[in-house]
1. Run the quick spin-label model on Glu55 and Asn85: label points 7 Å from Cα toward the beta carbon, then report their separation in nm to one decimal.
2. Which angle between 0 and 90 degrees, to the nearest 10, do you get for helix 8-26 versus the longest principal axis of the chain when only C-alpha atoms count?
3. How far, in degrees from 0 to 90, does helix 30-39 lean away from the longest principal axis of the Cα atoms of the chain, to the nearest 10?
4. Just to confirm the number: angle between the C-alpha axis of helix 429-440 and the first principal axis of the chain, 0 to 90 degrees, nearest 10?
5. Would you work out the relative contact order for the chain, in percent, from Cα pairs under 8 angstrom that are 6 or more residues apart?
6. Straight distance only, please: which lysines reach the Cα of Lys235 with their own Cα at less than 26 Å, same-chain residues fewer than 8 apart left out?
7. Take Ala437 and Ser185, extend 7 Å from each Cα along the Cα→Cβ direction, and tell me the distance between the two endpoints in nm.
8. Using helices alone, I'd like the mean residue ellipticity at 222 nm for the chain: each DSSP H run of four-plus residues gives -39500 (n - 2.57), total over residue count, nearest 500.
Amino acid sequence: QNYTILSEADIRQHQGENINRVSTVLSIPRYAACILLRHYNWSISRVHDEWFADEEHVRKAVGLLERTVELSNARELTCGICFENYPCGRMSSASCGHPFCGACWRGYISTSVSDGPGCLMLRCPDPSCGAAVGQNMIDVLTTSEDKEKYSRYLLRSYVEDNRKIKWCPAPGCEFAVEFVIGSGSYDVCCSCSYSFCWNCAEEAHRPVDCATVAKWILKNSAESENMNWILANSKPCPKCKRPIEKNQGCMHITCTPPCKFEFCWLCLGPWSEHGERTGGFYACNRYEAAKQEGAYDESERRREMAKNSLERYTHYYERWATNQSSRQKALADLHSMQTEKLEKLSDTQSQPESQLKFIIEAWLQIVECRRVLKWTYAYGFYLPEHEHAKRQFFEYLQGEAESGLERLHQCAEKELQVYLDAEGPMADFNDFRTKLAGLTR
């Protein structure tokens, strides 16, 4: 397995270990190591490379001063924000020594935390100063609510800014996935049971590449198919240009108010110029004559192309969507089998559950095969028309896969039901076991 599923506790542990490692190697405080790692997207190797190449430049870039400036030991100090005088003990500063009172620090940090993850790059409130404000000061100076928010942003930063880790995209899932980059397959199955592609974060779509999936999803959601349908199934009113769909056999069309223009569906001419001599209600001599002269060639050609394109897309989309809904049903059946039906079958057929695992394996294979078969239709849609041999071979393999899957699905769904409904052990259950296991291979 080329990935690791991380819970929130795992993420915090990994983050803490990285901070400790950098702190130890560079001999700097933990808060400073955290600032460095955050700046370099949690890459320990980059932190080490940059630090040992030019420590001064790195310190300047992230706001870590080489020497900490202590607060003045005067009895009273003036806050740099509210300009009130306070005893030295009520003032605090970053490593730069600029003094600010507790209330102003709390307000400054709270505003920054409320603004979002940018608070992780907080600097000294003095406009002329670039000294970093680390988690050590956040923990001392602000409220528990702001501390919790800051800690949450820091945790999310470890995942969202780290090129080796991503959140699982399933709704409501709080797991993250650490991936070994360059290790082959991008398919990932989270602990929440959701499978997705590490590379593009869409649902798992092997064997189809990410670019094809992106095009297919865009096509399914784009307005282009609506326009194709309008072009293929409607004509514009000759007067107001609104698209009109013909829903009756008669060629006499009346546009909707306020236009109300009456025209012929075939030639788009005014209906007032039509009658028995032009072919009546169901034909148009003018259109036929004009068509023979080539007057309608271009518009008809465009309409025919749109219709063919729409029919082809519909063919692939319907089969893609059908396999998707079959997969969802199979997932529900698998869950039902694992939680209740397997126990019932074990009691009915007097078989230990450990010997019925072949049924779970069959359902797991059905779910996976439905996913693969679903995406073959997206792949088939984008196969170049001129590659006839490739298309023919692909469609043969697709047909074989579909046929085999249907036999397996029917056996696991319909034939298994007979044994679930039985009132006692059935003599031919072992024959069913052999059949289902054979179809699963």
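1. If labels sit at Glu55 and Asn85, their model points lie 4.1 nm apart.
2. Orientation of helix 8-26: about 50 degrees from the principal axis.
3. 40
4. 80
5. Rounded, it is 10 percent for the chain.
6. Lys219, Lys246, Lys260, Lys291, Lys307
7. Computed distance between label sites Ala437 and Ser185 equals 2.4 nm.
8. When only DSSP H runs of four or more count, the value is -16500 deg cm²/dmol.
Every number here is computed from the coordinates shown, using simple stated rules; none is lab data. Please read these numbers as outputs of a predicted model, since none were measured by experiment. In this analysis, Cβ positions are derived from the backbone assuming ideal geometry, glycine residues included, and neighbour counts consider all displayed protein chains.
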